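Notes follow the structure.
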Amino acid sequence: MPSAALHAWKNDSAARLDELLKIHQEVAGAGRGRPWGTEQLNRSLFVALVAQFQSYSVALHDLAVDVHVDVAPAEQQALMRRLMTLGRALESKNPRTDHLGADFSKVGLALIKDLKAIGPASQARLRHLDLLIDFRNAIAHGNEAEISAMALARGIKPTKAAFVRYRGFLNQLAPTMDRTVSTQLASVLNIRAPW
Amino acid sequence: MPQTKFRFGQSVLLQWGLSEVRGRVQRVYGEGSALRIVVALDPEESEWIVDEPTTVAVLADEVRLAPPAA
């Protein structure tokens, strides 16, 4: 059973991204071959994609905190929640692997290490996540030189096709994160998998 | 947008052990019993519970609006 965070990613976040895609389709048409006049819209797709993945990551972290709090003595619960969310990087920074790793370490998990241990496909998704966020940052900061350089050197371009591709990577990464967090929480706390 | 009495920038108090700490609402998200508030904490305003500006995420029912300063 997926977590509430994954459910929201698959439904609420997907609906928000689909809403933007619908606008894109109205402007550019459904088919391929009309790449002009939509670059800024394409760029906004990448910003929205990272924003939605950030929301998912925060929600998953909240759930991990809830699991810890639920098994803690009542007297410690409030303080535990504060300490586990104090200075959470995901409040103000992108969900890069380093920020995800640091935040989930506060709930006792080595999330990135565990995701990498799953295998090459999972490792590749983490690399794609960081590349996507670098690209999103270049867009958000109006860094035209970096956007061009990334297109040339790293093969990521502000196109709808690239957006769909990277959305696909995140759609694969999110359930893997979900399962990993659940499994590791069960192991750390010696409880049944929370979801 | 969640329906709540909390708004961005409001001064709030949250329990911290035996004391209460003052902060400001930075973000409100979630809904129902999972409604959460991200509270921005500043060293001076929090009376040095933190040593640099940071945030903490708490459940909405663990936070109360701070009374106006005297």
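The values are calculated or read from the model by the stated rules, or taken from the named source; none is laboratory data. Computed from a prediction, not measured in an experiment: that's the story for all the values here. Cβ placement follows ideal geometry from the backbone for every residue including glycine, while neighbour counts extend to all protein chains displayed. Areas reflect the complete protein model, heavy atoms only, side chains present, ligands, DNA and RNA absent. Shrake-Rupley method; radii C 1.70, N 1.55, O 1.52, S 1.80 Å.
Checking each residue in region B:1-22 for being of a type in the set (A, V, I, L, M), within 11 Å of another protein chain (Cβ to nearest Cβ) and not in a strand (DSSP E or B) picks out only B:L18. Output yes when any residue across region B:26-38 is open to solvent by 50 Å² or more (accessible area, probe 1.4 Å), modelled with pLDDT of 95 or more and out of contact with any Phe, Trp or Tyr (no Cβ under 9 Å at 6 or more places or on another chain), and no when none is. For region B:26-38, residues open to solvent by 50 Å² or more (accessible area, probe 1.4 Å), modelled with pLDDT of 95 or more and out of contact with any Phe, Trp or Tyr (no Cβ under 9 Å at 6 or more places or on another chain): absent. Within the option set B:V25, B:V39, being within 11 Å of chain A (Cβ to nearest Cβ), assigned to a strand (DSSP E or B) and among the β-branched types (V, I, T) holds for one residue only, B:V39.
Residues of region A:105-136 that are within 14 Å of another protein chain (Cβ to nearest Cβ) and touching a residue at least 60 places away in the same chain (Cβ under 8 Å): A:V107 alone.
A residue that is within 12 Å of chain B (Cβ to nearest Cβ), open to solvent by less than 50 Å² (accessible area, probe 1.4 Å) and at pLDDT below 95 cannot be found anywhere in region A:47-60.
Can you pull out every residue in region A:67-85 that is in contact (Cβ under 8 Å) with a residue 12 or more places away in the chain and within 14 Å of chain B (Cβ to nearest Cβ)? Give the derivation first.
Going through region A:67-85, the residues in contact (Cβ under 8 Å) with a residue 12 or more places away in the chain turn out to be A:67-69, A:71, A:80-81, A:83-85.
Result: A:V67, A:H68, A:V69, A:M80, A:R81, A:L83, A:M84, A:T85.
Among the helices (runs of 4 or more DSSP H) lying completely within region A:90-192, list those that include at least 3 residues that are crowded, with 16+ Cβ neighbours inside 10 Å, polar (S, T, N, Q) and in contact with a helix residue (DSSP H, G or I) (Cβ under 8 Å, 6 or more places away or on another chain). Talk me through it step by step, then tell me what you get.
Details: elements: A:97-105, A:111-118, A:120-140, A:144-154, A:160-189.
Here the list reads A:160-189.
Taking residues in region B:43-57 that are within 9 Å of chain A (Cβ to nearest Cβ), and partners anywhere that are in a loop (DSSP other than H, G, I, E, B) and among the hydrophobic types (A, V, I, L, M, F, W, C), the pairs with Cβ atoms closer than 8 Å and at least 6 places apart or on different chains are B:V50/A:L86; B:T54/A:L86; B:T55/A:L86; B:V56/A:L86.
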